[in-house]
Each structure stands twice: as C-alpha cells, then as structure tokens.
Amino acid sequence: MIRGLKYALTQAFVQVFRNKGMSLASIFSITAMLLILGLFFFVTVNINIATESAKQQFNTIEVYLLEETSRDDADIITQSLLSMDEIAGVTYVSKEEAMEHFKDRWGDKAYLLEGLAENPLPNSLRVELTSLEDGQLIYEACRNLIGVEDVRYYQEEVKKILTITDFIQQGALIIILFLIIVSVVVVSNTVKLTVMARQREIMIMKYVGATNWFIRGPLLAEGMMIGCISAGIYLGLIWMIYSRMVELFSNQALLLFSTSFVEVGFMMRNLIWIFIALGMSIGAFGSILSMRRFLNA
Amino acid sequence: MIRFEGVTKMYGGNVGLLDATIKIEKGDFVFLVGPSGAGKSTLIKLILKEIEPDEGAIYVNGREITHLSNREIPPLRRSIGMVFQDFRLLPNKTVYENVAFAMEVVHSTKRAIRRQIPQVLSIMGISDKADKFPAELSAGEQQRVAIARALINNPMMLIADEPTGNLDPDTAWEIMKLINQINRRGTTVLMVTHAKDIVDRMGKRVVAIDKGRIVRDAWGGEYGYDD
Ligand SMILES: Nc1ncnc2c1ncn2[C@@H]1O[C@H](COP(=O)(O)OP(=O)(O)O)[C@@H](O)[C@H]1O
Ligand SMILES: [Mg+2]
C-alpha cells in the first residue's frame with residue numbers, strides 16, 4: 001500500500017517533467033479555470049459586502065415622538081415595536097443626545113447652534129429593520145402609533161439601492177455562470193487532448209499485464225500534482241492582482257459604500273486550502289475522465 | 001500449452017477466424033503465416049483475451065480463458081511475452097525504465113530489478129542504451145528493448161506479431177537469431193511473419209491461415225505462397 005503510493009508519486013513526479021508540453025497545457029488550462037472562478041469569487045464577495053453595508057445605512061427608521069410623550073410611553077412603544085419580527089432593535093434617542101449628534105455633524109460650524117434658546121429637536125426612537133425589504137410596511141406601522149409626531153424613512157433612496165444591488169448581484173451571477181461554462185469547455189478540451197496522447201501508453205501498459213490500478217495510480221497522482229501546481233500559480237497571481245486592486249480602488253470604494261475591500265491576508269488565508277483542494281480535484285477529475293474510456297476494455 | 005478448439009470470431013459480417021483448431025506444445029517454435037487480413041492478429045488477440053470468441057474454447061496453460069474475469073486478465077498477459085511490429089515502447093520512459101516497468105507490474109523488488117535488467121540488456125546487446133529514450137534508438141534497437149521487456153519475467157511463451165516487419169533484412173535476421181536463441185532455452189515461440197526467406201531458412205513448424213481458416217500445419221515447412 002505505502003509502496004504503491006510511493007511508486008505512484010515518484011512516477012507522477014518524473015512524468016510531469018518529461019511530458020512538459022502536455023503538463024504545461026494542463027497547468028495553463030486549470031490555472032485559467034481557477035483564475036476565472038477565483039476572480040469572480042473575490043468580486044462577488046466584495047459586491048455582497050458593499051451592497052450589504054449600503055443597505056445597513058438605510059435600514060433605520062427615525063420615529064419622532066410628540067412633545068407630550070413621556071419616557072414611559074416611549075418604553076411601551078419600544079416594547080410593542082420589538083415584538084415585531086421585522087424589527088431588529090429599537091434605541092431611544094433623547095432630544096439632548098440628538099443635539100449632540102447634530103453638533104458633531106456640523107463640526108466647526110456647531111457654534112451656530114449655541115445661539116438657540118432651547119433644543120428644538122424632538123425625542124425619537126431609532127428603529128432598525130431586520131431586512132431592508134420590510135421598510136415600507138414598518139414605516140406605515142410607525143406612522144399609526146399613538147404618541148408619534150412624524151416618521152422619517154428614505155423610501156426613494158431605499159428603492160433605488162434595492163434595484164441597483166439586485167441588478168449588480170444578478171449581473172454577477174450571469175457572468176459567473178457564463179465563465180464557468182467557458183472554463184469547463186477549456187478544461188474538458190485539454191483532457192481530451194491528454195486522453196489521445198495517453199491512449200497508446202495505457203494500451204501498452206495493459207499488454208505488459210499491468211492491472212488497472214497500477215496504471216491509474218501514477219496517472220491520478222500526476223493529475224493531482226498538476227492541479228496542485230496550477231493552484232500554486234493561481235494563488236500567486238491572484239495575490240498580485242488583488243493587492244493591486246485594493247491599492248487602486250479602496251479609496252473609491254470607501255467613498256461609494258463606506259466600506260473597504262476585504263483585507264488581502266484574510267482572503268489569502270481562507271483561499272489557499274480551498275483552491276489547492278479545488279485544483280487537485282480538477283486534476284484528479286480530469287485524470288479519471290481521461291482514463292475511464294481506456295481502462296474498462 | 002495453447003489449444004484452440006473450433007474457435008470462431010466474426011467482426012459483424014467480416015470473418016476474423018473460422019472454426020480454428022490448433023495445438024501448440026511447450027517448447028514449440030511456430031510460424032503463423034497467411035495473406036493480409038487472413039486472421040493472424042485475430043488469433044493472437046484471442047490468446048491475450050483482447051477480444052472474445054463467438055464460438056469454441058481456448059486453453060492457455062491448461063486453463064480455459066474465455067470465461068476469465070477482468071481481474072484474471074493481467075496475470076494471463078504477464079505469463080506471455082509480447083512483441084509487436086511497432087515495438088510499443090513507452091515513449092516517456094528510458095530503455096531501462098521500459099524494461100523495469102514489466103517487473104514493477106509484477107511487484108518485483110528494487111534489488112531484483114537492479115540485478116536482472118543489466119543482464120537482459122546485455123543479452124540483447126543494448127547495455128549502452130540503458131538511459132536512452134525509445135525515440136533516440138534505431139528500429140532494431142527498439143525491437144531489442146521490446147524483446148528484453150517481453151522476456152524479463154521469464155514468460156513461458158513469447159508471441160511476436162510481425163516483429164521484423166519494420167526492420168531491414170540484416171537487422172531482421174539478427175532479431176530472428178535472438179528469438180531462436182530464446183526458443184532454444186525453452187521458451188515457446190509463436191511468431192506471425194510475412195518474411196518468406198526467414199520462414200524458409202529456419203525450417204520450423206508453419207501454420208498457414210487464409211480467410212480465417214487454418215489451411216496448413218506442417219513441421220519443417222516453408223512459407224508456401226507468394227504475397
Ligand atoms: N476490429 C475489427 N473490426 C472489424 N473487422 C476487423 C477488425 N479486426 C480485424 N477485422 C477483420 O478481420 C479479418 C482478419 O483480420 P486480422 O486478424 O487483423 O488479419 P491479419 O492479422 O492476418 O492481417 C480482416 O478481414 C479484418 O478486416
Ligand atoms: Mg495483423
């Protein structure tokens with residue numbers, strides 16, 4: 001068993017180097033496939049994070065309370081709101097706190113507010129939605145509550161954001177599907193070429209009396225080795241491309257979505273094993289596919 | 001050693017072999033002759049269980065092989081050394097590795113491999129080619145490697161399908177002498193050939209096939225027809 005494994009590995013190692021042309025073609029096509037899948041994985045992850053954070057900013061409804069609504073009444077309203085599934089949290093914001101926020105936002109022009117005789121801001125409840133899609137419903141519900149003066153909710157902005165993010169996510173999905181089809185075609189063509197190159201070799205081995213496993217072992221190891229090398233090349237490339245992308249775009253991304261790209265190191269740590277496993281599986285799958293036709297005879 | 005009893009093999013409407021009965025004893029040297037398409041390769045493929053007969057029984061070493069399971073085919077092939085017109089060497093392995101492959105297949109130890117391969121390469125007169133790849137060798141040298149590989153595990157039988165077909169007359173005769181030597185040491189030989197001069201000169205048993213039928217089987221025979 002261990003001897004067989006050692007045999008398969010040494011044979012595979014030698015053959016990968018001797019069949020340089022074939023190995024390079026396979027490495028190229030597997031790397032290309034990984035690159036396509038990987039780049040789009042990165043892009044989708046970042047799009048999702050960006051759209052989620054964009055949604056986060058609009059998932060609060062400000063409920064302004066009437067002057068005569070007491071803190072106790074506010075607590076009762078809070079409780080009734082919290083009982084709804086569509087609401088994730090409710091925070092009470094006193095008029096004093098609201099003024100503080102206001103001053104913060106005005107920054108060095110805050111002195112203009114000093115002149116005000118009394119605080120014109122109302123007490124309010126900040127309602128956080130579980131999902132942006134329920135906004136309209138909760139908005140209506142809040143308006144009908146007793147003790148509420150007004151409700152602020154960015155309806156139009158939310159609608160726009162929802163259409164844009166849906167569009168982006170669906171677009172990404174379509175492109176990914178398209179690219180997956182392309183890469184499957186590329187890899188299966190390479191496999192076909194390898195099959196034809198290997199057909200005669202397998203036939204000869206069978207004439208000499210090799211069992212199917214004796215032939216399969218080294219070929220399988222060879223496929224996995226090629227997949228592993230491809231994954232290594234891929235990871236190197238993606239690291240370079242992604243670092244460059246972060247460099248170029250992270251400032252704009254900050255402006256647009258107030259979120260940064262997912263950190264490079266984090267991405268790499270999570271992806272190394274996934275992509276090595278993926279590369280090896282593609283290689284193994286290719287080998288099995290190319291052997292199946294000739295070993296059953 | 002090998003026995004065919006009323007073996008018929010059809011390829012759709014084409015005749016491969018028709019009701020063939022033949023017996024080859026241990027130590028025999030048999031030439032299999034006949035025009036192109038007569039069924040010579042079909043007979044060999046049947047022995048190696050590369051194809052299945054439609055009718056009849058085939059015995060190899062006293063064992064009926066038409067009902068062997070897939071798992072029993074590799075051992076059957078290991079008991080027979082095969083040599084072909086087109087050599088069938090593994091292109092990405094050196095001469096040494098090509099011969100070693102036949103030993104690795106039967107799980108020989110590294111030590112046994114290291115001991116036996118130089119011996120057989122030396123018998124075949126290709127010791128100095130051990131580290132060359134097949135593409136770097138002449139046709140005659142490639143056929144010597146193929147014979148070395150066929151013999152390395154001491155098979156009881158050597159089957160050669162037109163082994164001299166791609167060789168010039170002098171080289172062909174060299175190879176023929178090698179095969180004769182192998183037979184004298186006790187290995188049964190079945191050789192398909194179109195080389196009239198070789199058959200006539202060797203004076204061995206000749207089995208002639210035509211249109212799938214065995215039409216002649218004579219000791220000390222001659223090639224017997226013109227191509
Ligand atoms: N795979 C096959 N399919 C169809 N016909 C075949 C096949 N192999 C051989 N034949 C036919 O069987 C006959 C015998 O072929 P073969 O044994 O190869 O002849 P030989 O080796 O004597 O030249 C020929 O007529 C050939 O065309
Ligand atoms: Mg033939």
Within region B:138-171, track down each residue that is in contact with an Asp or Glu (Cβ under 9 Å, 6 or more places away or on another chain), surrounded by 20 or more Cβ atoms within 10 Å (Cβ to Cβ) and among the hydrophobic types (A, V, I, L, M, F, W, C). B:Leu167
List every residue pair whose Cβ atoms sit under 7 Å apart, with the two residues 6 or more apart in sequence or on different chains, where the first one lies in region B:161-180 and is within 14 Å of another protein chain (Cβ to nearest Cβ) and the second, anywhere, is among the hydroxyl-bearing types (Ser, Thr, Tyr) and within 16 Å of ligand 1 (Cβ to nearest atom). B:Asp161/B:Ser41
Could you look through region A:28-81, keep only residues that are open to solvent by 60 Å² or more (accessible area, probe 1.4 Å) and aromatic (Phe, Trp, Tyr), and pick out the one that is farthest from the chain's Cα centre (by Cα)? A:Phe28
If a residue has to be at pLDDT below 80 and in contact with an Asp or Glu (Cβ under 8 Å, 6 or more places away or on another chain) to count, how many in region A:87-109 make the cut? 0
I'm trying to understand the selection: among the residues of region B:153-168, which are within 16 Å of ligand 2 (Cβ to nearest atom) and acidic (Asp, Glu)? B:Asp161, B:Glu162
Which of the residues spanning region B:85-139 are away from chain A (no Cβ under 12 Å) and of a type in the set (S, T, N, Q)? B:Gln85, B:Gln116, B:Gln119, B:Ser122, B:Ser127, B:Ser138
Restricting attention to region B:181-197, which residues are more than 16 Å from ligand 1 (Cβ to nearest atom), closer than 13 Å to B:Ala160 by Cβ and touching a residue at least 60 places away in the same chain (Cβ under 8 Å)? B:Asn183, B:Thr187, B:Thr188, B:Val189
Residues of region A:191-228 satisfying the condition of being farther than 19 Å from A:Leu5 by Cα, more than 10 Å from every other protein chain (Cβ to nearest Cβ) and open to solvent by 50 Å² or more (accessible area, probe 1.4 Å): A:Lys192, A:Leu193, A:Met196, A:Gln199
Test result for B:Ile51, among the aliphatic types (A, V, I, L, M), open to solvent by 10 Å² or more (accessible area, probe 1.4 Å) and either within 16 Å of ligand 2 (Cβ to nearest atom) or not in a helix (DSSP H, G or I) (or both): yes
Provide a single number: the residues in region A:11-27 that are open to solvent by 70 Å² or more (accessible area, probe 1.4 Å), without any contact (Cβ under 8 Å) to a residue 40 or more places away in the chain and within 14 Å of chain B (Cβ to nearest Cβ). 3
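The values are calculated or read from the model by the stated rules, or taken from the named source; none is laboratory data. Here the structure is a predicted model, which means the values were calculated and not measured. Note that we place each Cβ from the backbone using ideal geometry, even for glycine, and neighbour counts take in every protein chain shown. All accessible areas refer to the heavy atoms of the entire protein, side chains included, with ligands and DNA or RNA removed. Shrake-Rupley method; radii C 1.70, N 1.55, O 1.52, S 1.80 Å.
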